[in-house]
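Below is one structure, written out as structure tokens, with a few remarks after it.
Each value in this text was obtained by applying a stated rule to the coordinates, not by laboratory testing. As the structure is a computational prediction, the values presented were derived from the model and not from experiment. So basically every Cβ, Gly included, is an ideal-geometry build from the backbone, and we count neighbours across all protein chains shown.
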Amino acid sequence: MKLQIRPTALEDLGQGRRFYDSQELGVGDYFFDSVFADIDSLTLYAGVHPKVFGFHRMLTQRFPYAVYYEFPNKETAIVRRVLDLRQDPESIREALGAIKTE
């Protein structure tokens, strides 16, 4: 299966990495590696996660983040956003809604 990670998702990962590095040096790298391992699991498990706000949502294992992705066919999973779940759900809805208008 192909896995596509959109620039918005990479920006989200970078932002999370910077946040965790500002808390303690090295934690940002651990965040990035952990969440990326979760994203890699989509090659096996894409499509099994529930839909939230119109996208499949996979909760990450070690951090309070969710991976929002599309699974348009059985050959490709498209990661759109990787968002911090500690924010207002309306902010998440707006961030995902902006994708629908692309």
For the pair Ile99/Phe32, report the inter-label distance in nm, with labels modelled 7 Å from Cα in the Cβ direction.
2.2 nm
So for the range 2-100, averaging the separation of alpha carbon pairs under 8 Å that are six or more residues apart and normalising by length, what relative contact order in percent results?
30 percent
Rounded to two decimals, the Rg over Rh value of the range 7-84 from Cα coordinates and the Kirkwood Rh reads 0.99
Report the charge-dipole magnitude of the range 2-100 in Debye, nearest 20, computed about the Cα centre from +1 at each Lys and Arg Cβ and -1 at each Asp and Glu Cβ.
400 debye
What residues from the range 74-101 fall in the zone where the backbone N is under 13 Å from a label point 7 Å along the Cα-to-C-beta line of Phe19?
82-89, 91-92
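Using only helices, what value at 222 nm comes out for the chain when you add -39,500 (n - 2.57) per DSSP H run of length 4 or more and divide by the total residues, to the nearest 500 deg cm²/dmol? Walk me through the numbers before you get to the answer.
On the way: 4 runs with 47 residues, N = 102.
My calculation for the chain gives -14000 deg cm²/dmol from helical runs alone.
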Need one number: % antiparallel among DSSP beta bridges in the chain, to the nearest 5.
75 percent
What nm distance separates the two modelled labels at Lys2 and Asp88, each placed 7 Å from Cα along Cα→Cβ?
3.8 nm
On full extension of the chain, what length is gained from Ser41 through Asn73, given 0.36 nm per residue of separation minus the C-alpha to C-alpha distance?
9.9 nm
